[in-house]
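Below is one structure, written out as C-alpha cells, with a few remarks after it.
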Amino acid sequence: MMKRLPEIVLILALTALLPAQLQAKKFVDQLPARSQAPITGFSYNDVVSRLSQLPRHHIEGVWQYTDTDIQIAIVRQGLYQTAGSDRAPHYLMIVVTAPNRCIMPGTVMGHISHGGSEGVYTARIYTQSVGRYLTMPKSFTINLDDSENSFSLRKHNSPLEIFLWRFAPYLWRYPITPEYQNITRRGCLRLYPEPTPPLEPVYL
C-alpha cells in the first residue's frame with residue numbers, strides 16, 4: 001500500500017485540477033458566434049476607474065494592437081458580468097476604440113482564461129467584422145511578456161489552410177496548403193497602467 005501512495009496522490013491531484021480546466025475551456029467556448037450589444041456606459045475612463053479600485057491581475061489593463069489603432073481592455077469577468085461559481089479567473093476582452101466606427105466601445109471582443117502556466121492564457125477572439133458586429137471567433141494563445149508591458153497572440157491554425165485569393169478570379173479553385181505551425185500574428189502593448197519602465201525613452 002505504501003508503494004502505491006505516490007500514484008494515489010498523483011491521481012487525486014489530477015482529479016482536482018480537471019474541473020478547473022473544464023470550466024476554463026467552457027468559459028472560453030461560451031463566446032457567441034456573433035458579438036452582442038455593447039456594455040452600457042463603457043468607456044476608457046470607466047474601465048480605468050474600476051481597475052484602479054481593485055488589486056490588478058497580471059493581464060488586466062488597457063492595451064493597443066501593435067499593427068492597428070484598436071484599443072482593448074482586458075478585465076476580469078466579474079467587473080462587467082456576473083462571474084461563475086468556479087474559482088479560476090476568467091477575463092473579457094472589450095473594445096475601447098476601433099478604426100471601424102460601427103464597432104462601438106463596450107463590445108466584447110473575446111473571452112480569456114488562464115492557461116495553467118505563468119503568463120500563458122487561452123482565448124477565443126473574433127477575427128472579422130460585419131457592419132456593427134464582430135464574427136468568426138478563433139482560438140488563440142496569449143503569452144504575457146515577463147515585464148507585463150506587452151503580449152503576443154498566436155492563432156491556432158487548422159492542419160490545412162485554404163488560400164482563395166491566390167488564383168482570383170478563378171474562384172472555383174481552392175488551393176490547399178499544409179499548415180503545421182501556430183504562427184504569431186500580432187501583439188499588444190500596454191497603455192494602462194502606464195508601463196514601468198516606459199516602452200520608449202522619455203527625453204527631457
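Sort 120-129, 88-97, 140-149 by the packing proxy (mean of other Cβ within 10 Å over each peptide's residues), most packed first. Please report the intermediate quantities before stating the final value.
Numbers: 120-129: 18.9, 88-97: 21.1, 140-149: 16.9.
Highest-to-lowest ranking by the protection proxy: 88-97, 120-129, 140-149.
Using 7 Å Cα-to-Cβ label points, what is the Q128/D29 separation (nm, one decimal)?
About 2.2 nm separates the two model spin labels.
For D69, what charge total do you get from the other residues with a beta carbon under 15 Å from its beta carbon, if Lys and Arg give +1 and Asp and Glu give -1?
Details: positive: R101, R186; negative: D67.
That works out to +1.
Every number here is computed from the coordinates shown, using simple stated rules; none is lab data. Since this is a predicted model, take the numbers as computed values, not measurements. So basically every Cβ, Gly included, is an ideal-geometry build from the backbone, and we count neighbours across all protein chains shown.
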